[in-house]
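The values are calculated or read from the model by the stated rules, or taken from the named source; none is laboratory data. Fair warning: this is a prediction, and the values are worked out from it, not measured in the lab. Here the Cβ positions follow ideal geometry from the backbone for every residue, glycine too, while neighbour counts run over all protein chains shown.
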Protein chains: 2
Amino acid sequence: MKDRIHNFNAGPAALPLPVLEEIQAEFLDFKGSGMSITEVSHRSKWFDDVIENAVVRVRRVLDLDERFHVVFLQGGASMQFCMVPMNLLPDGQSADYVNTGTWATKAIKEARIQAKDVNVVASSEEQNFLCIPKDISFSPHAAYVHITSNNTIKGTQWASFPDTTGIPLISDMSSDIMSRPFDPSPFGLIYAGAQKNLGPAGATLVIIRQDMLERVPQDLPTMLKYTTFVEKNSMFNTPPCFAVYVIQLVLKWLEETVGGLEKMAALNRQKANLLYHAIDKTGFYSGAAEKDSRSLMNVTFRLPSEELERHFVQQAMDNGMGGLKGHRSVGGCRASIYNSTSLEAVKALVDFMEEFAQKHG
Amino acid sequence: MKDRIHNFNAGPAALPLPVLEEIQAEFLDFKGSGMSITEVSHRSKWFDDVIENAVVRVRRVLDLDERFHVVFLQGGASMQFCMVPMNLLPDGQSADYVNTGTWATKAIKEARIQAKDVNVVASSEEQNFLCIPKDISFSPHAAYVHITSNNTIKGTQWASFPDTTGIPLISDMSSDIMSRPFDPSPFGLIYAGAQKNLGPAGATLVIIRQDMLERVPQDLPTMLKYTTFVEKNSMFNTPPCFAVYVIQLVLKWLEETVGGLEKMAALNRQKANLLYHAIDKTGFYSGAAEKDSRSLMNVTFRLPSEELERHFVQQAMDNGMGGLKGHRSVGGCRASIYNSTSLEAVKALVDFMEEFAQKHG
């Protein structure tokens, strides 16, 4: 497909081309149903297969045991910022939050709006959120510890997860879920908006451990209770069918084409190493995040001037590479290299960066 | 497309074939962006055009003046059951609800879960929800009156909206929005899950009148406040981009191919008349809803026995007509004939019904 660009968007982001081609091919007639996937009833055997397959693949890729429930919600991570404390932080208890940037700050804000007792036990705000805090002391009686595993805007990522000595970890994994293996056991809940590593915007993956469900207050509105989605297998009401369908195809691609999560992680390391090497070997580019906190998903960097940055983004676009402008709140440049961004795309970007530096350095 | 069936699903439901074909054609490269619509950033000129166009078309089709805001949310009508009282029913006041079936019952339940003061001023529960209540006395000081304009399960519809003498009307219009013209002035809020007349599952259209926004409590979670969506033009966080994109195409089809809302309504009346006539002219079929409350969107009917109903649904499917089984909670048969269900499909069904009655009557 020579008309397609190399897509470095931060989200909604690139999807695997074979997945897009499969969607296109069956768009008027899904699996012989005589209907588009967008027209199929959610109470049909066709959609049952789709959502069951999506759940099975999530469980298998992340190696989740039977304690974990896998459900699909709507509203993105932003809705989870409010649902997590509403469901899992009982009055009279407090929760620990680690503030690593814009999204964590919003999660903290939404807990406090509900008059919940929040301890911000660590923050990298004084470091302009360019690193992940170290050596954190958690409150011994915290109801949970909330972290943001990857921070899209400044380009930082937890290289490994903190030991919370048994306190349930809760993580916003919107921007790095399925990018690397990890031990799910310490997690009480994981949430992820689909539009980075999983699929299109419009679905939120929530993984919740059985013991967390006991905390859910009975008197919450039905659509704001995790138990509703667990008890009805994400089908209390009409789910975001198309997004779940695409997620299932992306996970199939991850398992069958890429070859599983270990191989995905190796490819992601390779892509990030190429880019960080291209940045570090010149005096022209400078990485924005501290080296030990660098994200393998969002590579943030600066050029010698804002004018050169604008020029870089524009010329990259002219050369078929899109989405390289930094987040509107910080400027600079950012290459988001989620699972679906190909090695070929990263190599093209590295070549372009070398050329651009030679010309303007 | 001879592989496609005539789709009488209650939702997710049929979409116009030209819309599906347009989506398919540009699925790998949206408007020369080099990306799929599922990969385009919501903060891009491409998506700005999509959502702006969707809003403009909603405003134009429904003839909304500047008092009304048009926003897209997630979570379906079920989320609105909880958000409406949360935002618009202040403590110390009460709201009137009319109970016309399953969905209204759920709306009432979600208000009461929040300990809101709800008056069920009329109900057709004793008539098994097979009619719309008449001559309703509303509470003079109600904060709003909530109705369900069309009831998918039993197949009833408000032929005209009640005069609430200035009390804001709020309606769940999930299953008949954009099916007929109406005066929007009495409405404080209208909500509609997209998956019947507007597009695929995954987006909820909300139309809210400016004066309603003044009621929204400031201390609600951000994602549960209507003001958040109005102030940020539905883009506080990543919206359900694909669903909004399809909605915009469906509305373009409604305006440019069908020729506008009056023509849509005439076509819908024609389709419903054909079907109800096919039911009434025999002693074989019997309409489920009372005649003066019949829905133009969901035509519910019975056959002489459950065995014949099963046989009818199966044989219709064998003849390329799907989705005719009644809702799992009531049985019988149901033909949902939303905007996108063609006259051709309805004629095919009528022919099949005649044949089936002759053979089994």
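I'm told A:N268 meets every condition in (1) in contact with a helix residue (DSSP H, G or I) (Cβ under 9 Å, 6 or more places away or on another chain); (2) more than 14 Å from chain B (Cβ to nearest Cβ); (3) closer than 22 Å to A:Q195 by Cβ except one. Can you identify the failing condition by its number?
All conditions are met except number (1).
Checking B:D65 against (1) more than 10 Å from every other protein chain (Cβ to nearest Cβ); (2) not in a loop (DSSP other than H, G, I, E, B), only one condition comes out false. Which one?
With (1) more than 10 Å from every other protein chain (Cβ to nearest Cβ); (2) not in a loop (DSSP other than H, G, I, E, B) applied to B:D65, the lone miss is (2).
Table: residues versus (1) under 21 Å from B:H42 (Cα atoms); (2) of a type in the set (S, T, Y); (3) surrounded by 22 or more Cβ atoms within 10 Å (Cβ to Cβ); (4) without any contact (Cβ under 8 Å) to a residue 24 or more places away in the chain.
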{"residue": "A:D292", "(1), (2), (3), (4)": "no, no, no, no"}
{"residue": "A:V299", "(1), (2), (3), (4)": "yes, no, yes, no"}
{"residue": "A:E309", "(1), (2), (3), (4)": "no, no, no, no"}
{"residue": "A:G323", "(1), (2), (3), (4)": "yes, no, yes, no"}
{"residue": "A:G332", "(1), (2), (3), (4)": "yes, no, no, no"}
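Kindly check whether there is at least one residue in segment A:208-220 that is under 18 Å from the mean Cα position of the chain (by Cα), buried (at least 19 other Cβ atoms within 10 Å of the Cβ) and in the same structural domain as A:A159 (by TED's automatic domain parsing). Talk me through it step by step, then tell me what you get.
Quick first cut of segment A:208-220, residues under 18 Å from the mean Cα position of the chain (by Cα) only: A:208.
Then keep just the ones that are buried (at least 19 other Cβ atoms within 10 Å of the Cβ); that gives A:208.
Checking the rest, the ones that are also in the same structural domain as A:A159 (by TED's automatic domain parsing) come to A:208.
Yes.
Please state which of the following conditions B:T102 fails to meet, knowing it meets all the rest: (1) among the polar types (S, T, N, Q); (2) within 14 Å of another protein chain (Cβ to nearest Cβ); (3) within 25 Å of B:F242 (Cα to Cα).
Status for B:T102: all satisfied but (3).
Can you pull out the residues in segment B:275-300 that are closer than 19 Å to B:N197 by Cβ and of a type outside the set (G, A, S)?
B:L275, B:R294, B:L296, B:M297, B:N298, B:V299, B:T300 - these are the residues of segment B:275-300 that are closer than 19 Å to B:N197 by Cβ and of a type outside the set (G, A, S).
Return the residues of segment B:23-52 that are in contact (Cβ under 8 Å) with a residue 60 or more places away in the chain and surrounded by 21 or more Cβ atoms within 10 Å (Cβ to Cβ); say none if nothing qualifies.
B:I23, B:I37, B:T38, B:V40, B:H42, B:F47, B:V50, B:I51
Can you tell me which residue in segment A:334-352 is surrounded by the most Cβ atoms within 10 Å (Cβ to Cβ), limited to those that are closer than 20 Å to A:Q195 by Cα and hydrophobic (A, V, I, L, M, F, W, C)?
My answer is A:A335.
Give just the number: which of (1) within 14 Å of another protein chain (Cβ to nearest Cβ); (2) crowded, with 23+ Cβ neighbours inside 10 Å; (3) over 20 Å from B:L189 (Cα atoms) does B:L254 not satisfy?
Result: B:L254 passes all but (1).
Does B:V244 fit the bill of being away from chain A (no Cβ under 13 Å) and either within 13 Å of B:Q74 (Cα to Cα) or more than 23 Å from the chain's Cα centre (by Cα) (or both)? Outline the logic, then answer.
Working: away from chain A (no Cβ under 13 Å): no; either within 13 Å of B:Q74 (Cα to Cα) or more than 23 Å from the chain's Cα centre (by Cα) (or both): yes.
So B:V244 does not fit the description; no.
Being among the hydrophobic types (A, V, I, L, M, F, W, C) and over 18 Å from A:T148 (Cβ atoms) is the filter here; which residues of segment A:74-106 pass it?
Once the filter is applied, which keeps residues that are among the hydrophobic types (A, V, I, L, M, F, W, C) and over 18 Å from A:T148 (Cβ atoms), segment A:74-106 yields only A:M86.
Taking B:L20 as meeting all but one of (1) surrounded by fewer than 22 Cβ atoms within 10 Å (Cβ to Cβ); (2) within 9 Å of chain A (Cβ to nearest Cβ), write down the number of the exception.
(1)
How many residues does segment B:68-82 contain that are in contact with a Lys or Arg (Cβ under 8 Å, 6 or more places away or on another chain), under 18 Å from B:L198 (Cα atoms) and within 8 Å of another protein chain (Cβ to nearest Cβ)?
1
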